[in-house]
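Below is one structure; the comments refer to it alone.
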Amino acid sequence: MIFLLDVIWKPLCVIRITALAPLGLLVKLRKLKIPNYLAQWRILMTNKLGSTPSTLLEIAGGKFNTLDWSNCAVVFIDYQNEYVDGAMPLGQAGTNAIANARLLLDKARKQNAPIFHIAHHGADNGNVFDPLLSNVEIIAELQPKDGETVIVKKNPNAFHDTQLQALISAAQKQQIIFAGFMSHMCVSSSVRAA
């Protein structure tokens, strides 16, 4: 069993700790003096060769539902220029994320799934996500096409004070795929609200 500890205060740092049980990990975390609130950890079980990870759902004996594109909507959150050439460029990681998002967008379009593009707008004060600046625009690689809905949000949660819930309900889709920048903020907030 391998425990991965993603340390928030030290970006891109992953500490690998081998332990026999979650209790063993907690003991080791205390010895490292890393408070729980500073760390996220996820458990990856491995097969006999040690190469196939499992999710917590799989470890608990649960199964993922099969994706049914005929019953699916896709929500793209905050794929905006602010993260490409604005105040918060994501560099190569952003480029990779955009390429993966483009694959998902192409698949959703081929499957005729309802597609929702969410764009964050802040205050018109010259700072990040200023709606008067071009950095709030959706990036070129993921530009919406006719028939795809663009929703402007002013909060991290894409459902808060927007018509997203009503539009998804009207589409009568039971499965939603979320993709976006800043999974720890806007994507996470939106998924929890869904």
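The values are calculated or read from the model by the stated rules, or taken from the named source; none is laboratory data. For clarity, every value in this text was computed on a predicted model and none was experimentally measured. When we count neighbours, we look across all protein chains shown, and the Cβ atoms used for this are built from the backbone with ideal geometry, even at glycine. In case anyone asks, the SASA skips ligands and DNA or RNA and just uses the protein heavy atoms, side chains included. Shrake-Rupley method; radii C 1.70, N 1.55, O 1.52, S 1.80 Å.
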Selected residue (criterion: nearest to the chain's Cα centre (by Cα)) from residues of the range 96-123 that are exposed (fewer than 12 other Cβ atoms within 10 Å of the Cβ) and part of a helix (DSSP H, G or I):
100
Please work out which one of (1) of a type in the set (A, V, I, L, M, F, W, C); (2) open to solvent by less than 60 Å² (accessible area, probe 1.4 Å); (3) at pLDDT 90 or above is the condition residue 87 fails and give its number.
(2)
When only residues in the range 147-183 that are outside any strand (DSSP E or B) and touching a residue at least 60 places away in the same chain (Cβ under 8 Å) count, which is surrounded by the fewest Cβ atoms within 10 Å (Cβ to Cβ)?
174
Across the range 67-90, which residue is farthest from residue 120 (Cα to Cα) among those that are assigned to a helix (DSSP H, G or I) and of a type outside the set (A, V, I, L, M, F, W, C)?
70
Answer residue from the range 124-146, given it is β-branched (Val, Ile, Thr) and either assigned to a loop (DSSP other than H, G, I, E, B) or free of Cβ contacts under 8 Å to residues at least 12 places away in the same chain (or both) and is surrounded by the most Cβ atoms within 10 Å (Cβ to Cβ) among those:
139
